[in-house]
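Input: a single structure, listed below in structure tokens.
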Amino acid sequence: MALLDSKVPQGPLAEKWSKHKNDIRLVNPANKRNIDVIVVGTGLAGASASATLAELGYNVKTFCYQDSPRRAHSIAAQGGVNAAKNYQGDGDSVYRLFYDTIKGGDYRSREANVHRLAEVSTSIIDQCVAQGVPFAREYGGLLDNRSFGGVQVSRTFYAKGQTGQQLLLGAYSAMNRQIQRGKIKSYTRHEMMDLVLVDGKARGIIARNLVTGEIERHGAHAVVLATGGYGNVFFLSTYCMGANVMAAWRAHRRGALFANPCFTQIHPTCIPVSGDHQSKLTLMSESLRNDGRIWVPKKLEDAQAIREGKLKPTQIAEEDRDYYLERRYPAFGNLVPRDVASRAAKERCDAGYGVNKTGEAVYLDFDSAIMRYGREKANTMGLKDADDKTVRDLGEKIVEAKYGNLFQMYEKIVDENPYKTPMKIYPAVHYAMGGLWVDYNLMTTIPGCYAAGEANFSDHGANRLGASALMQGLADGYFVLPYTIGDYLANDIQTGAIDTNSVAFDEAEKAVKEKLERLMKGSGQHSVDYYHKKLGKIMWNKCGMSRNAKELQEAIEEIAALRKDFYENVRVTGYADSKNQELEKAGRVADFLELGELFALDAFNRNESCGGHFREEYQTEDGEALRDDENYRYVAAWEYKGEPKDAVLHKEELVYENIELKTRSYK
Amino acid sequence: MKIHLKVWRQKDANSRGHFESYDLDHIEADMSFLEMLDVLNESLINQGKEPVEFDHDCREGICGTCSMVINGKPHGPQKRTTTCQLHMRSFKDGDSITIEPFRAQAFPVIKDLIVDRSAFDRIQQAGGYISVNTSGRPVDANAIPIEKEYADASFNAATCIGCGACVAACKNASAMLFTSAKVSQYALLPQGRVEATTRVLNMVKQMDSEGFGNCTNTGACEVECPKGISLENIARMNREYLGAVAKG
């Protein structure tokens, strides 16, 4: 186990981070000018890290496959960002945010990392406001908050349903300032194809210029991977189309251990699949669960009539509706964590109560919120005897102000007006808690290779709470990595620029070119999408919301066979030395075909249910997840050995010094 | 339904482009416009032909990656809708649809429907920020109360997704709506006032040097903007600019 040293500092939990910052080595400003850092990915974690590193004086090169750093998929995050500000005076604190996050993650995250996350959360809000991020405000001019799942306080800061956009544009603006200063060189439409190791240390990357097809070498003293999650292994997900695991996977192949790949988040409120042509799924923010009530009909015959189009949801009487989250989890109701809400939706739909053509949808209903807000508004306007229509009109306006863009998005996709009829929603793949294993400094098992944001595994355990992804991305990028990386770079003040004409770069470039040639040489039976969709089906059916040993074993075999078929028979049109979107996709799918197998192996290995990982064999009598703390209270970190199924398992035991492990209950 | 497509094909920036025609059958109303193009590409690949390249990523109307001019309109016929959010129910069986890239001197074509919008990044780099370093020690977020009216107006300007439809819609290929949205976001906030003068001067200078045209108040940009960014922002930027020049 020597491989996995978490490097968690000694001392009381609340003092670890301060003490660590005092203990680690620094690089003086004159020396920072001689040190180069590569940051791959320009979402919240990558953009904030590169801006901050450049402000500190390092020379930064950023890489993104998009045409602008601003387009990274953090931009699509809707609901909000958590911070333990306790502006609402509702009893919030750093400890509570820490505790909620650990519990929400079903006790599978690293205590010290999560506490640090909660500590720096407040600085994120201060920093973003200073940058001009226009958060929602109350009439008194102060910042507004809302609630998210799995917690009982209001600690979520937001900018309508576009919080991710505003935070990312804030980080992008900080990047732009450094680009203008010449401290960041931004490479857009570039994809990292491999990590280059010199004497065992990460010393650069091989990238493909996606416009010209040119293969480029870039050297640096450290490489930061902030490349997001791998949910697109399911083909259908709420991720953007280009999201991929390539950078993380290539680092894994070079020796970085990959942790807990089976921990993925299935988000409960997404727009259901409409047909075989579907290319992606769209999220409806969890913030909607503040005001929306989730239900299905109580009677099977009503559900069937709805599916056949003979009955409308608005015709079902109140007493014939089953608000199943409120029924099963009275304490948290519609605001249970995502894993719990998703499984509950699947349970009802599997039992035959689904409400769309395919039987895979439940209702998210705003009627009572509209009427409640409307009545409040009528009262404050002095309209004591307002009729229902007036109340409804007033209420709809308030709901529109809160969630207008989400309702509009829903209407565009589904062609139904959610103010008048309940939304139909169903769970979909949304986030990856698993990722590259990192120590307390966010360094992977490859010296000098760091992972930040969704690309690492450390903070969310087996289930992430809503509004915590934005918090983690920015915490890593603004407040953690720029400081911890100095401890490593202090060794490099005399190294000088990295020479990219070395044997290591020659070999890596050659391997990348060979891989591209191999992808171009398939026999041409099927398109890349054909294989991606097949992989997605296997993943969703056998590694999705519920899993069992038999199907996981099948998945391992099926994915291996599909991968073989892919290399033999894929058809990639065009040329490797020019713009070629099919080749880009092929490279990404090739890596998903390896990751998927490791994912299934990891799920097979974990003989317990926890968070988003639900094994049918391990559940309580009332269908809740049954953890096995005695045998599985560890991070499963996998070492690459060729075929994914041969990966070697390393365990990092999770130590909880400050909290007691309990069965998670939201009842 | 059956759809007839006329699609702009162009090998690279240096080649001449041309339209090609394609006929599609079995297009469903629930498909998004880009899913319809996925269907086209799948069939081209199966015939061993090169698929049509187009920019797209989030497919939920927020990243600003998708572009293209559909039947003469940037992002197609629906108001306040990006191409990726457009659905085939907006078209009828038998319709002909013409698809072109965004056209502007400052947005050179890279391939087929993909254009280079890096000029937008350079305008932002010229001044689209507040100069504050990450320290963990700025003032508390609630130490600066901001009137809700201004906070909301700033937010509305900040919702620009940087897609470039304003430029494509404008007969002058002007980037004033885009630039003014960023200028406005900061001009409306107390944090942003400090550098307001240099910001507007630098951003406008960069905008001009990229080869975008000037604003003649036609308003096509606001009409075609998928996020409904208001023309008021251009008026505000002009005011800011005149003030800055006068200070000069």
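The table that follows gives values for the structure above.
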read-out: Residue selected from segment A:345-360 under the condition surrounded by fewer than 23 Cβ atoms within 10 Å (Cβ to Cβ) and among the small types (Gly, Ala, Ser), by the criterion nearest to residue A:426 (Cα to Cα); value: A:359
read-out: Filter result for residue B:245 (among the hydrophobic types (A, V, I, L, M, F, W, C), at pLDDT below 95 and surrounded by fewer than 24 Cβ atoms within 10 Å (Cβ to Cβ)); value: no
read-out: Filter result for the condition that a residue is in a helix (DSSP H, G or I) and buried (at least 23 other Cβ atoms within 10 Å of the Cβ), over A:251, A:202, A:243; value: A:251
read-out: Hits in segment A:121-142 (condition: aliphatic (A, V, I, L, M) and at the interface with chain B (Cβ under 7 Å from one of its Cβ atoms)); value: A:125, A:129, A:130, A:142
read-out: In segment B:13-69, the residues that are more than 9 Å from chain A (Cβ to nearest Cβ) and in contact with a His (Cβ under 6 Å, 6 or more places away or on another chain); value: B:23, B:66
read-out: Residue in segment A:630-640 that is within 30 Å of residue A:346 (Cα to Cα), part of a loop (DSSP other than H, G, I, E, B) and under 24 Å from the mean Cα position of the chain (by Cα) present; value: yes
read-out: When residues of segment A:531-546 are limited to those that are under 14 Å from residue A:597 (Cα atoms) and among the charged types (D, E, K, R), the one surrounded by the most Cβ atoms within 10 Å (Cβ to Cβ); value: A:542
read-out: Identity of the residue in segment A:430-466, outside any loop (DSSP other than H, G, I, E, B), of a type in the set (Gly, Ala, Ser) and under 22 Å from residue A:611 (Cα atoms), that ends up nearest to the chain's Cα centre (by Cα); value: A:432
read-out: Evaluation of residue A:649 against (1) touching a residue at least 40 places away in the same chain (Cβ under 8 Å); (2) within 23 Å of the chain's Cα centre (by Cα) (one fails), failing number; value: (2)
read-out: Residues being buried (at least 24 other Cβ atoms within 10 Å of the Cβ), within 14 Å of chain B (Cβ to nearest Cβ) and either under 18 Å from residue B:129 (Cα atoms) or more than 19 Å from the chain's Cα centre (by Cα) (or both) - total across segment A:47-73; value: 15
read-out: Count of residues meeting criterion [touching a Cys at 6+ places or on another chain (Cβ under 8 Å) and either in a loop (DSSP other than H, G, I, E, B) or over 16 Å from residue A:133 (Cβ atoms) (or both)] in segment B:177-194; value: 2
read-out: Top-ranked residue of segment B:57-77 - restricted to ones that are on the phi < 0 side of the Ramachandran plot, modelled with pLDDT of 95 or more and out of contact with any Asp or Glu (no Cβ under 7 Å at 6 or more places or on another chain), ranked as surrounded by the fewest Cβ atoms within 10 Å (Cβ to Cβ); value: B:77
read-out: Members of segment B:195-217 found to be of a type in the set (A, V, I, L, M, F, W, C) and not in a loop (DSSP other than H, G, I, E, B), listed by number; value: B:196, B:200, B:201, B:203, B:204, B:207
read-out: Some residue of segment A:167-178 being surrounded by 24 or more Cβ atoms within 10 Å (Cβ to Cβ), without any contact (Cβ under 8 Å) to a residue 12 or more places away in the chain and within 14 Å of another protein chain (Cβ to nearest Cβ); value: yes
read-out: Of all residues making up segment A:295-314, the number that are under 23 Å from residue A:419 (Cβ atoms), in contact (Cβ under 8 Å) with a residue 24 or more places away in the chain and surrounded by fewer than 16 Cβ atoms within 10 Å (Cβ to Cβ); value: 2
read-out: Qualifying residues in segment B:145-167 (those that are hydrophobic (A, V, I, L, M, F, W, C) and within 7 Å of chain A (Cβ to nearest Cβ)) - the one nearest to residue B:104 (Cα to Cα); value: B:158
read-out: Single condition residue A:587 does not satisfy, out of (1) surrounded by 15 or more Cβ atoms within 10 Å (Cβ to Cβ); (2) within 23 Å of residue A:457 (Cβ to Cβ); (3) more than 14 Å from chain B (Cβ to nearest Cβ); value: (2)
read-out: Residue match in segment B:90-105 (condition: within 11 Å of chain A (Cβ to nearest Cβ) and either in contact with a strand residue (DSSP E or B) (Cβ under 7 Å, 6 or more places away or on another chain) or not acidic (Asp, Glu) (or both)); value: yes
read-out: Qualifying residue in segment B:5-24 (condition: over 24 Å from the mean Cα position of the chain (by Cα), in contact (Cβ under 8 Å) with a residue 40 or more places away in the chain and in the same structural domain as residue B:91 (by TED's automatic domain parsing)); value: no
read-out: Residues being in contact with a strand residue (DSSP E or B) (Cβ under 9 Å, 6 or more places away or on another chain) and part of a loop (DSSP other than H, G, I, E, B) - total across segment A:106-132; value: 5
read-out: Checklist (1) more than 14 Å from chain B (Cβ to nearest Cβ); (2) at pLDDT 95 or above applied to residue A:153, failing item; value: (2)
read-out: Residue count for segment A:234-261, restricted to those that are within 13 Å of the chain's Cα centre (by Cα) and either more than 12 Å from chain B (Cβ to nearest Cβ) or aliphatic (A, V, I, L, M) (or both); value: 3
read-out: Residue A:277, sole failed condition from (1) at pLDDT below 95; (2) under 28 Å from residue A:451 (Cβ atoms); value: (2)
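Rundown of residues vs (1) out of contact with any helix residue (DSSP H, G or I) (no Cβ under 9 Å at 6 or more places or on another chain); (2) surrounded by 16 or more Cβ atoms within 10 Å (Cβ to Cβ); (3) aliphatic (A, V, I, L, M); (4) closer than 20 Å to residue B:72 by Cβ, yes/no style:
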{"position": "B:12", "(1), (2), (3), (4)": "yes, no, no, no"}
{"position": "B:29", "(1), (2), (3), (4)": "no, no, yes, no"}
{"position": "B:39", "(1), (2), (3), (4)": "yes, yes, yes, no"}
{"position": "B:48", "(1), (2), (3), (4)": "yes, no, no, no"}
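The values are calculated or read from the model by the stated rules, or taken from the named source; none is laboratory data. On a predicted model such as this, the values are computed, not experimentally measured, just so you know. Here Cβ is always computed from backbone atoms with ideal geometry, including for glycine, and neighbour counts include all displayed protein chains.
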